[in-house]
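Asks: Pasting in a structure now, in structure tokens, and then I'll have a few things to ask.
The values are calculated or read from the model by the stated rules, or taken from the named source; none is laboratory data. None of the values given here were measured: they were computed from a predicted structure. A quick note on method: Cβ atoms are made from the backbone with ideal geometry, for glycine too, and the neighbour counts reach across all protein chains shown.
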Amino acid sequence: MYTIKNIAKKLLGSKNIERISNYRIKRVLKKNFLNDYKLYNKHSSVLIQDTYHKIEAEITLRYHSLEKGFLHNPIRYRFAKKRVEELLDYLRFDDVNGHIKNVQIQSAILNLCVYYELHLKNNINISDFFSKEEYEQLKRNLLINEQPVKYHTSSDYFNFRLSNFEQFSKSRCSVRDFTGEKISLEIFQEVVELANQAPTVCNRQGISVNIIDNKDKIDEILLIQGGLKGYSESLSQLIVLTSDRSYFHTIGERYQLYIDGGIYLMNLLYALHYYEIVACPAHWGLPIEADIKAQKIIGLNESEKIICLIAIGKPVKNFKTTLSLRRSYNENLRVIN
Ligand SMILES: Cc1cc2nc3c(=O)[nH]c(=O)nc-3n(C[C@H](O)[C@H](O)[C@H](O)COP(=O)(O)O)c2cc1C
């Protein structure tokens with residue numbers, strides 16, 4: 001093998017050998033991305049919702065809109081009407097009835113019941129899209145006793161910032177209300193120093209924390225993102241977390257930038273909580289055109305991928321956060337023998 005390689009090198013020259021090798025790598029890379037594309041097409045709900053998990057994800061997306069709607073002060077009555085209609089339709093699926101105890105289904109039922117009761121209490125007619133019979137049927141299936149929002153004050157929210165990990169991590173929530181007061185560069189330096197303790201593949205550390213300190217730019221980016229509508233008025237600083245493709249070098253690492261970025265994101269959220277900064281991550285699951293537009297606004301290199309936005313600030317005196325119930329381990333812990 002060694003001699004064949006040497007002979008080939010002599011005959012073709014090392015430049016051509018390198019070209020052939022690069023061509024091979026490109027083909028494998030293409031094949032892998034194509035395979036990812038096929039699997040995503042087949043198993044995500046982009047095209048079709050044909051399994052319980054896909055339907056559950058659609059339900060979650062919609063009940064989360066209701067949870068977020070309950071945060072507004074004052075409540076915008078009849079909000080998310082289309083979401084309510086769609087939720088009621090999804091909850092009629094046979095597949096869903098077989099999973100009625102699952103936390104996401106219970107959360108959906110809870111939010112719909114609270115939605116109905118809120119409108120009833122305030123004499124707002126919603127019978128054109130949500131009937132009394134539908135409500136009563138849901139109420140019979142509601143097995144949890146919770147409120148869809150959590151109430152906080154600025155003085156109690158950080159009570160557990162120095163507590164043990166369980167209390168600390170359970171005390172962090174996504175907060176969407178800010179005073180508008182800016183956080184100083186010195187504090188950001190401390191936050192990033194702590195967040196930088198996040199592990200990355202081979203310690204490559206290809207993540208950057210970009211703090212947008214200009215309201216016009218923040219508004220432009222949020223307009224592209226679209227997920228923080230109604231909460232951005234008092235937002236005066238926004239983090240754009242990016243991961244740089246230049247740090248990754250094998251075909252197998254093609255998604256490592258997202259893994260490192262995700263791990264960093266969580267550590268950053270905890271670092272912000274530790275430094276008494278409230279935050280709400282805002283997804284960047286957007287098509288490529290969004291990245292191109294944002295790159296120009298922020299001045300990013302093409303090699304950099306936006307992982308997530310994080311709205312940040314100081315907490316207002318009284319604020320609400322979504323309940324966002326979590327699964328119990330019996331829904332997602334598997335032991336493989
Ligand atoms: C990657 C990511 C993207 C998110 N995007 C948004 C968003 O666009 N808008 C929003 O209001 N919340 C967003 N959230 C916040 C989630 O809704 C929230 O984390 C979830 O409901 C759990 O609630 P908690 O963070 O209060 O525990 C995002 C969270 C993550 C981790």
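Asks: Within region 56-70, take every residue that is of a type in the set (A, V, I, L, M) and crowded, with 19+ Cβ neighbours inside 10 Å and give me the one that is farthest from the ligand (Cβ to nearest atom). Give the derivation first.
Replies: Step one: filter region 56-70 for residues of a type in the set (A, V, I, L, M), giving 57, 59, 61, 66.
Among the residues that remain, those that are also crowded, with 19+ Cβ neighbours inside 10 Å are: 59, 66.
Details: I59: 14, L66: 12 Å.
Going through the qualifying residues, I end up with I59.
Asks: Do any helices (runs of 4 or more DSSP H) entirely within region 112-198 hold 1 or more residues that are more than 16 Å from the ligand (Cβ to nearest atom) and closer than 27 Å to L238 by Cβ, and if so, which? Give the steps one after another, and end with the answer.
Replies: On the way: elements: 132-141, 165-171, 185-195.
In region 112-198, the matching helices (runs of 4 or more DSSP H) lie at 185-195.
Asks: Kindly indicate the residue of region 233-252 that is within 16 Å of the ligand (Cβ to nearest atom) and surrounded by 21 or more Cβ atoms within 10 Å (Cβ to Cβ) and also farthest from D291 (Cα to Cα) among those meeting that condition. Show your work before the answer.
Replies: Quick first cut of region 233-252, residues within 16 Å of the ligand (Cβ to nearest atom) only: 233-235, 238-243.
Okay, now just the ones that are also surrounded by 21 or more Cβ atoms within 10 Å (Cβ to Cβ), so 235, 238-243.
Working: L235: 21, L238: 16, I239: 15, V240: 12, L241: 12, T242: 11, S243: 13 Å.
Taking the candidates together, the pick is L235.
Asks: As an exercise: evaluate I221 against (1) within 16 Å of the ligand (Cβ to nearest atom); (2) over 18 Å from the mean Cα position of the chain (by Cα) and give the number of the one condition it does not meet.
Replies: Single failed check for I221: (2).
Asks: Check E289, E302 and return the single one that is part of a loop (DSSP other than H, G, I, E, B) and in the same structural domain as I187 (by TED's automatic domain parsing). Explain how you work it out, then say what you get.
Replies: Values: E289 fails: part of a loop (DSSP other than H, G, I, E, B).
Within the list E289, E302, the selection yields E302.
Asks: Next up: From the list I307, I259, I312, which one is under 23 Å from F70 (Cα atoms) and either under 15 Å from the mean Cα position of the chain (by Cα) or within 14 Å of the ligand (Cβ to nearest atom) (or both)? If you could, list the steps in order and put the result at the bottom.
Replies: Working: I307 fails: under 23 Å from F70 (Cα atoms); I259 fails: under 23 Å from F70 (Cα atoms).
Unique residue meeting the criteria: I312.
Asks: Here is a follow-up. Can you pull out the residues in region 271-294 that are within 16 Å of the ligand (Cβ to nearest atom), under 23 Å from K317 (Cβ atoms) and either loosely packed, with under 15 Cβ neighbours inside 10 Å or hydroxyl-bearing (S, T, Y) (or both)?
Replies: Across region 271-294, the qualifying residue is only Y274.
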